[in-house]
Amino acid sequence: MVIGGGVIGTSVAYHLTKMGWKDVVLLEQGKLGGGTSWHAAGLVGRLRTSNSMTRINKYTAELYSQLEQETGHSVGWRQVGSLIVAKSEDRMIQLRRTMAMAELFGVEAHLISPEAAFEKWPLLRVDDVLGAAWLPHDGKVIPGEVPVALAKGARNRGAAIFENVQVLGIETKDGRATGVKTAQGSIKADYVVLCGGMWTREIGLGCGVSIPLYPVEHHYVVTEPLAEAFDDLPVGRDPDLCIYFRGEAGGVMLGAFQESSKPWMVDRVPDKFSFQLLEPDWEKFSVPLANGRHRIPALEKCKFAKFVNGPESFTPDNNFILGEAPELRGLFVAAGFNSVGIASAGGAGKYLAEWMTAGEQTLDLWSVDIRRFAPWANNRTFLRERVTEVLGLHYQMAWPNRELESARGVRKSPLHTRLAEQGASFGSKSGWERPNWFAGSGASPKVDYSFGRQNWFERHGHEHRACRENVAVFDQTGFSKYLFKGPDALNVLQRLCGADLDVPPGKAVYTGLFNSRGTFESDLTVVRLRDDEFYLITGTSQTIRDLDWVRRNIQPAEHALLTDVTEAYSVISVMGPNSRVLLARVTDADLANEKFPFGTTQTIGIGMATVRAVRLTYVGELGWELHIPTSQAATVYESLMEAGRDLGVANAGHYAINSLRLEKAYRAWGADISPDDTALEAGLGFAVGWGKSAAFLGKDELLKQKQTGLKRRLVTFVLQDSGPVLWGSEPIYRNGVAVGYTTSGSYGHTLGAAVGMGYVKNADGVSPEFVTTGTYEINVSGKRYPATPFLRSPYDPDRKKILA
């Protein structure tokens with residue numbers, strides 16, 4: 001059962017039937033193509049910021065180019081290409097970085113001169129343009145015709161499509177969707193796919209499912225016919241001016257993604273709004289119009305035939321929402337497409353259909369996975385404030401580590417005020433305010449963004465070195481944390497985790513969670529507290545994802561209960577060669593290596609507080625994570641800072657954590673490991689219990705890969721030039737040939753140069769010899785720099801610092 005007959009719902013139905021699903025039914029409350037689909041701008045670009053999202057858009061463009069031939073219904077596909085002009089040096093750097101990645105993603109793209117841009121768009125003013133990007137295979141469609149064609153394709157393969165049927169709610173039983181209730185009665189279904197656009201959030205709330213999206217006003221105008229304008233003009237974008245433009249018959253369409261936009265202030269999206277628009281808002285459009293007249297002087301004196309003010313649903317992070325709802329089995333969601341619904345619909349429908357068929361993702365969809373959001377993100381006040389910024393993100397500078405500025409302060413650790421008073425510059429991760437770095441005395445914690453060394457570089461170096469040479473304190477309260485109890489808890493973990501978790505109580509084990517393909521679903525630390533009780537620690541953004549993955553894999557006959565305790569505990573990490581000295585001043589526990597070895601946990605006193613200390617490290621130094629009842633976090637922090645005053649104990653932030661862990665070649669979920677990667681490819685085969693008695697999910701596939709060998713391998717690189725900074729998404733060249741790109745990067749202050757990780761690929765195999773015998777360069781903003789590869793940690797490879 002598919003709810004929604006826009007471009008997303010019809011794509012899902014089309015692809016389900018293409019994969020052989022029978023009895024597919026689609027319900028649309030009005031006519032096909034309503035909602036956002038009919039008034040979309042119809043732009044179809046292939047290149048996105050990640051490999052997975054580019055695959056989605058590339059497939060979409062290929063699908064649209066063939067739909068008329070398959071269905072007999074024209075979608076108006078025109079491969080007119082797209083043009084992105086740049087009027088600032090920073091924008092040119094961004095374009096150079098983007099064009100370098102395009103080659104690796106399989107998208108033809110070229111940097112061209114202002115004069116060449118003018119030749120492709122003869123109405124443009126280019127005297128202030130520094131250069132442009134040209135993507136010849138991009139195109140456009142008539143947006144309202146795409147869902148009609150997709151629906152026809154689905155019908156031809158047996159789908160039943162009903163218009164003018166309003167869905168009133170999702171029917172459920174025993175935690176599973178069982179059908180839908182409509183104005184005409186109920187329909188039973190084994191699976192329900194919610195593709196209701198702006199209406200999706202409300203339908204989800206009705207069955208206890210959180211789907212954070214909210215409608216925003218999106219404006220464009222269409223001119224009357226203009227001399228020299230024609231329909232096959234390329235799709236044009238000037239992100240510095242926040243505008244896009246394309247030919248529309250004999251005129252020009254001019255649209256905007258303004259820095260600040262307007263949420264549609266309605267308590268509930270009206271049921272009958274399928275083919276309606278909001279009132280024109282020329283005042284709000286005045287800046288884009290002025291910018292459009294600057295870039296296209298012919299707009300100065302023309303008349304406008306149409307003003308489109310159409311609401312579209314946006315999410316808190318500008319990525320759409322896909323996947324099975326963690327609250328309700330059998331309910332899948334595809335919604336919140338942030339103005340890229342037309343460009344992404346084909347691929348989104350395809351990969352969601354594959355997800356439904358396989359029972360798990362068939363490629364890395366973490367950036368759009370519904371489980372990246374927890375219920376806190378579905379608060380309407382939060383959404384209304386956040387989406388005012390999100391629409392404009394399409395054209396804002398893609399600065400490294402750019403932080404969203406709206407709707408901040410939703411989740412704070414007990415240390416927040418104290419850290420703010422000490423100059424913390426906060427970032428936000430899953431709503432948590434986390435210190436990224438600390439400004440010096442009297443300095444501003446504000447970030448000045450750039451593609452090179454940003455204004456916090458020296459302070460970051462101070463924190464990094466404090467951890468390496470002395471002792472640093474990190475607030476890592478945002479870690480996701482769970483208690484897992486029950487007589488079958490060990491059996492469940494042994495089946496889901498690669499490592500052997502049948503260890504004595506008090507032992508901590510790092511492990512991957514794998515799927516049936518042998519690729520990562522997550523990674524985490526498991527602490528065995530008792531025979532039947534475990535404490536699980538995972539990444540800040542993975543709270544719902546990991547909770548859902550473990551729960552859905554507990555078999556009906558197994559007795560085990562997983563509880564999210566993230567908010568109950570704060571985490572303060574004490575790291576560095578003097579961490580034992582500092583902690584010894586505030587605890588009577590014996591911290592000697594023989595009494596408290598690495599990878600173990602004990603309950604100890606810190607001043608007047610009682611905490612769980614876990615001897616682990618994510619920064620490559622001697623240290624302990626202190627898991628503290630939230631109510632006692634402040635007193636523990638104060639005890640540590642007072643006791644360490646004469647030692648020079650330093651506050652350190654998450655930027656330091658990133659650079660420290662990269663020097664140690666520690667992987668990060670969502671960057672260096674994902675559902676596209678195996679433990680062997682990631683160099684984590686040592687963390688797999690190959691000989692444990694319990695078979696684990698994905699083991700057979702990993703054993704096959706062990707036998708056949710690797711085609712790709714994660715490698716750490718250190719630049720030989722001490723100047724540049726790596727951020728991630730920089731192409732890697734071996735002997736002059738592109739072999740991959742960096743998955744993460746930072747500046748390694750201990751190593752004296754930038755350090756990054758990336759997968760090196762080779763169709764004939766990637767052996768250690770292949771990696772170490774090549775000559776490598778990394779493309780940093782258009783310039784290649786020599787780099788040294790490492791298959792072991794560049795820093796302390798024998799772990800002497802950690803095990804001291």
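Listed values, structure above:
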{"item": "Matching entry among Pro288, Pro280 (being modelled with pLDDT of 95 or more and either within 30 Å of Val12 (Cβ to Cβ) or open to solvent by 20 Å² or more (accessible area, probe 1.4 Å) (or both))", "result": "Pro280"}
{"item": "Filtered residues of segment 683-715 (kept if farther than 14 Å from Gly512 by Cβ, assigned to a loop (DSSP other than H, G, I, E, B) and among the charged types (D, E, K, R))", "result": "Lys711"}
{"item": "Whichever residue in segment 145-180 is among the charged types (D, E, K, R) and farther than 23 Å from Thr17 by Cα and, among such residues, is surrounded by the fewest Cβ atoms within 10 Å (Cβ to Cβ)", "result": "Asp174"}
{"item": "Residues of segment 217-238 that turn out to be under 17 Å from Gly336 (Cα atoms) and either surrounded by fewer than 24 Cβ atoms within 10 Å (Cβ to Cβ) or without any contact (Cβ under 8 Å) to a residue 12 or more places away in the chain (or both), as a count", "result": "1"}
{"item": "In segment 42-78, residue surrounded by the fewest Cβ atoms within 10 Å (Cβ to Cβ) [restricted to those that are assigned to a loop (DSSP other than H, G, I, E, B), touching a helix residue (DSSP H, G or I) at 6+ places or on another chain (Cβ under 7 Å) and among the polar types (S, T, N, Q)]", "result": "Ser74"}
{"item": "Residues of segment 142-188 that turn out to be among the hydrophobic types (A, V, I, L, M, F, W, C), in a strand (DSSP E or B) and free of Cβ contacts under 8 Å to residues at least 60 places away in the same chain, as a count", "result": "1"}
{"item": "Cross-chain or 6+ apart pairs with Cβ under 9 Å, segment 474-499 first and closer than 14 Å to Ser522 by Cβ and polar (S, T, N, Q), then assigned to a strand (DSSP E or B) and open to solvent by 30 Å² or more (accessible area, probe 1.4 Å)", "result": "Ser480/Asp564"}
{"item": "Residue match in segment 134-141 (condition: modelled with pLDDT of 95 or more and farther than 15 Å from Gly236 by Cα)", "result": "no"}
{"item": "Test: residue in segment 599-613 that is more than 23 Å from Thr511 (Cα to Cα), buried (at least 17 other Cβ atoms within 10 Å of the Cβ) and either in contact (Cβ under 8 Å) with a residue 60 or more places away in the chain or in contact with a Gly (Cβ under 6 Å, 6 or more places away or on another chain) (or both)", "result": "no"}
{"item": "Odd one out for Val85, checked against (1) open to solvent by 10 Å² or more (accessible area, probe 1.4 Å); (2) touching a residue at least 40 places away in the same chain (Cβ under 8 Å); (3) within 30 Å of Tyr449 (Cα to Cα); (4) of a type outside the set (Lys, Arg)", "result": "(1)"}
{"item": "Residue match in segment 737-758 (condition: over 21 Å from Ser674 (Cα atoms), free of Cβ contacts under 8 Å to residues at least 24 places away in the same chain and open to solvent by less than 60 Å² (accessible area, probe 1.4 Å))", "result": "no"}
{"item": "Enumeration of residues in segment 564-576 that are open to solvent by 60 Å² or more (accessible area, probe 1.4 Å) and over 25 Å from the mean Cα position of the chain (by Cα)", "result": "Tyr569"}
{"item": "Residue within segment 705-713 that is hydroxyl-bearing (Ser, Thr, Tyr), over 27 Å from the mean Cα position of the chain (by Cα) and more than 29 Å from Ala787 (Cβ to Cβ) present", "result": "no"}
{"item": "Selection count where residues are outside any strand (DSSP E or B) and touching a residue at least 24 places away in the same chain (Cβ under 8 Å), scope segment 716-735", "result": "11"}
{"item": "Flag for Trp264 being open to solvent by 50 Å² or more (accessible area, probe 1.4 Å) and not acidic (Asp, Glu)", "result": "no"}
{"item": "Subset of segment 92-124 (residues that are basic (Lys, Arg) and over 19 Å from Arg784 (Cα atoms))", "result": "Lys120"}
{"item": "Segment 769-789 residues that are assigned to a helix (DSSP H, G or I), paired with ones that are modelled with pLDDT of 95 or more and aliphatic (A, V, I, L, M) (beta carbon under 8 Å, 6 or more apart)", "result": "Phe770/Val760; Val771/Val715; Val771/Val760; Val771/Leu791; Thr772/Leu791"}
{"item": "Hits in segment 304-352 (condition: within 21 Å of Ser274 (Cα to Cα), surrounded by fewer than 24 Cβ atoms within 10 Å (Cβ to Cβ) and more than 18 Å from the chain's Cα centre (by Cα))", "result": "Lys306, Phe307, Val308, Asn309, Gly310"}
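For (1) open to solvent by 40 Å² or more (accessible area, probe 1.4 Å); (2) among the aliphatic types (A, V, I, L, M); (3) out of contact with any strand residue (DSSP E or B) (no Cβ under 8 Å at 6 or more places or on another chain), each residue gets a yes or a no:
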| position | (1), (2), (3) |
| --- | --- |
| Glu621 | no, no, no |
| Asp646 | yes, no, yes |
| Val649 | no, yes, no |
| Ala656 | no, yes, no |
| Tyr666 | yes, no, yes |
| Asp672 | no, no, no |
| Leu684 | no, yes, no |
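Residue by residue, here is whether (1) of a type outside the set (Lys, Arg); (2) within 20 Å of Glu625 (Cβ to Cβ); (3) in a loop (DSSP other than H, G, I, E, B); (4) touching a Leu at 6+ places or on another chain (Cβ under 6 Å) holds:
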{"site": "Leu536", "(1), (2), (3), (4)": "yes, yes, no, yes"}
{"site": "Leu547", "(1), (2), (3), (4)": "yes, no, no, no"}
{"site": "Arg551", "(1), (2), (3), (4)": "no, no, no, yes"}
{"site": "Pro556", "(1), (2), (3), (4)": "yes, no, yes, no"}
{"site": "Thr563", "(1), (2), (3), (4)": "yes, yes, no, yes"}
{"site": "Glu567", "(1), (2), (3), (4)": "yes, yes, no, no"}
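The values are calculated or read from the model by the stated rules, or taken from the named source; none is laboratory data. In this text, all values refer to a predicted model and were calculated from it rather than measured experimentally. Here the Cβ is made from the backbone with ideal geometry for all residues, glycine too, and neighbour counts use every protein chain on show. Heads up: the accessible areas ignore ligands, DNA and RNA and are worked out on the full protein's heavy atoms, side chains in. Shrake-Rupley method; radii C 1.70, N 1.55, O 1.52, S 1.80 Å.
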